[in-house]
Amino acid sequence: MSQQEQSATRDLYPGRRFAQIVKLKPEHIDEYRKCHAAVWPQVLDQIKECNIADYSIFYDDKSGVLFASFRYVGSDYDADMALMAANPRVREWWRMTDAWQESLVPGAVSSEAGEPSWWKPVEEVFYLP
């Protein structure tokens, strides 16, 4: 998708907000920070191509919880997530980072395995645009 098409898509679909959490194993915080300081270009490109914008990950060192938030600006979330999951480099990234995490979703196996989700979706209770 070209920059112009992405811009037009964002104008048509201002976005659906998502937030999710997962636990980070404390012995892996340095590795996690290091890899996110230099995310693989193929992973970043795929995230953008799948209409993910305003993506941030936060870490709480007291609870060990990672909190991610992003805005989906496309028109077919399921199709875009299938496209993301089909990318071998993204799946490799997931295998690497999942090894450093503990899912808070009962029955979750991995990001690559799909449902149930590895990251636990959390409810938005307030938003001020």
(message) I'd like to know which of 74, 26, 43 lies farthest towards the positive end of the charge dipole of the chain, counting +1 on Cβ of Lys and Arg and -1 on Cβ of Asp and Glu.
(response) 26
(message) I'd like the FRET efficiency for residue 76 and residue 126, computed as 1/(1 + (r/R0)^6) with the beta carbon distance as r and R0 of 41 Å, rounded to 0.05.
(response) 0.90
(request) Two decimals is fine: what is log10 I(q)/I(0) at q = 0.10, 0.12, 0.16 Å⁻¹ for the chain, from a Debye sum with one equal scatterer on every Cα and no solvent? (result) -0.33, -0.48, -0.87
(request) Place a +1 charge on the Cβ of each Lys and Arg in the chain and a -1 charge on the Cβ of each Asp and Glu, then give the dipole magnitude about the Cα centre in debye, rounded to the nearest 20. (result) 200
(message) Could you work out the relative contact order of the chain? I mean the mean sequence separation of Cα pairs under 8 Å and 6+ apart, divided by the number of residues, in percent.
(response) 33
(request) Under a cut-off of 19 Å between alpha-carbon atoms, report the lysines in cross-link reach of residue 120, not counting same-chain residues fewer than 8 places apart. (result) 23, 25, 62
(message) Starting from 0.36 nm per residue, how many nanometres of slack lie between residue 60 and residue 95 once their C-alpha separation is accounted for?
(response) 10.4 nm
(message) Could you sort the peptides 42-50, 108-116, 121-129, 29-37 by per-residue average Cβ neighbour count (10 Å cutoff), highest mean leading?
(response) 42-50, 108-116, 29-37, 121-129
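Read-outs throughout are calculated quantities, based only on the coordinates presented, and are distinct from any laboratory measurement. Just so it is clear, the model here is predicted, and its values are computed rather than measured. All Cβ positions, glycine included, derive from the backbone under ideal geometry; neighbour counts span all protein chains shown.
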